[in-house]
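Enquirer: This is the structure, below, for whatever I ask next.
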Amino acid sequence: MTRTIAVSGSASGIGRAVAGLLRDQGDEVIGVDLKDAEVTADLATPEGRAHAVEAVLGLCGGTLDGAVLCAGLSGPTPLTVRVNFFGVVAMLDGLRPALAAAVRPRAAVAGSISGTQQADPDVIAACLDGDETAALAAAERTVARHAGHRLYPSSKSALAQWLRRSAVTPGWAGAGIPLNAVAPGVVLTPMTTPLFEDPAMRRVMDEAVPMPLNGHAEPEVVAEVLRWLVSPANSHVTGQVLYVDGGAEATLRGPGVF
Ligand code: NAI
């Protein structure tokens, strides 16, 4: 039976790769992105998120087999928090009833190894409170103090914590919907291309994210894991952050964290 799966960030990088893998196996993909997608929407704004949810629900007819939320960005600005946290959570909340109506629904998001790195506790707390105004105010304060470098880690840490908290609730686990994240290391996509052009930045990146197993990954590597997480085969993995990072997380956090 054809499954219908919504994929955000479908126009580029990891989202594009997962959309391709799903289409290749016969699934119908409803891509959501700023452009070049079935649904064009700006997930940075409440209006854009509402439009995206409504459009996906219209296209899937109210029953959705899977959602893969990859849209995101890594710049040191509050926009990163708006898209990476609030954009993802709004999509999951909005699509959850349609997922619950499916026979074997699945959801997965793109986290990051950066979610384990130095973050801003005020931004994270406001995100987990669902208070976007407070999160953006905290983000502005972080920009003033630390030039915004903690915003991407904050957005991904908050997302991972929200996911672990939500995945085991009646609305998700109780409705039979596994909800997981992948946490990639460095992936070769348009997001990272500019970093590779600067040798100093590349050194910083390699120190921050050491990848002893096979080095930097192609987007298809991460997409394969996302494909499995939203496949019918995944009946019991939920609330997990799967590090698809060539060993970076194990290197950085050591054997005591699991
Ligand atoms: P990418 O830049 O190739 O693709 C991101 C997609 O998200 C683009 O198509 C973009 O248009 C879309 N997007 C951005 N802002 C949006 C908005 N406001 N509304 C709707 N769509 C929007 O990036 P990549 O590398 O594929 O990243 C995908 C996800 O993986 C992101 O969440 C990123 O944080 C995460 N990730 C990426 C890593 C990497 O090394 N590339 C490492 C760890 C996590």
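The values are calculated or read from the model by the stated rules, or taken from the named source; none is laboratory data. Given the structure is predicted, the values throughout are model-derived calculations rather than measurements. Every residue, glycine as well, gets a Cβ built from its backbone with ideal geometry; the counts of neighbours run over all protein chains shown. The accessibility values were calculated without ligands, DNA or RNA, using every heavy atom of the protein model including side chains. Shrake-Rupley method; radii C 1.70, N 1.55, O 1.52, S 1.80 Å.
Enquirer: Taking the simple approach of a point 7 Å from Cα along Cα-to-Cβ for both Asp24 and Glu218, what is their distance in nm?
Expert: Label-label distance for Asp24 and Glu218, simple model: 0.9 nm.
Enquirer: At 222 nm, what value in deg cm²/dmol follows for the chain if DSSP H runs of at least 4 each add -39500 (n - 2.57) and the sum is divided by all its residues, to the nearest 500?
Expert: After summing the helix terms and dividing by the residues of the chain, the value is -13500 deg cm²/dmol.
Enquirer: Considering only protein heavy atoms and a 1.4 Å probe, what is the carbon-and-sulfur percentage of the accessible area of the chain?
Expert: Of the solvent-accessible surface of the chain, carbon and sulfur hold 56 percent.
Enquirer: Rounded, prolate or oblate: pick one for the range 26-129, where a ≥ b ≥ c are the square roots of the eigenvalues of its C-alpha gyration tensor, a/c under 1.5 means rounded, and failing that, prolate if a/b is larger than b/c, else oblate.
Expert: Taking the square roots of the gyration eigenvalues as a ≥ b ≥ c, the range 26-129 is prolate.
Enquirer: Can I ask one more? With the cut-off at 1.5 for a/c, could you classify the range 113-195 from its C-alpha gyration tensor as rounded, prolate or oblate?
Expert: oblate
Enquirer: Next question, about the same structure. Which whole-number value in Å² is the accessible area per residue of the chain, probe 1.4 Å?
Expert: 44 Å²
Enquirer: Using only the Cα atoms of the chain, what are the Rg and Dmax in Å?
Expert: For the chain, the Cα radius of gyration and maximum Cα-Cα distance read 17.2, 53 Å.
Enquirer: Checking the a/c ratio against 1.5 first, then a/b against b/c, what shape does the Cα gyration tensor give for the range 92-233?
Expert: Note, shape of the range 92-233 comes out oblate.
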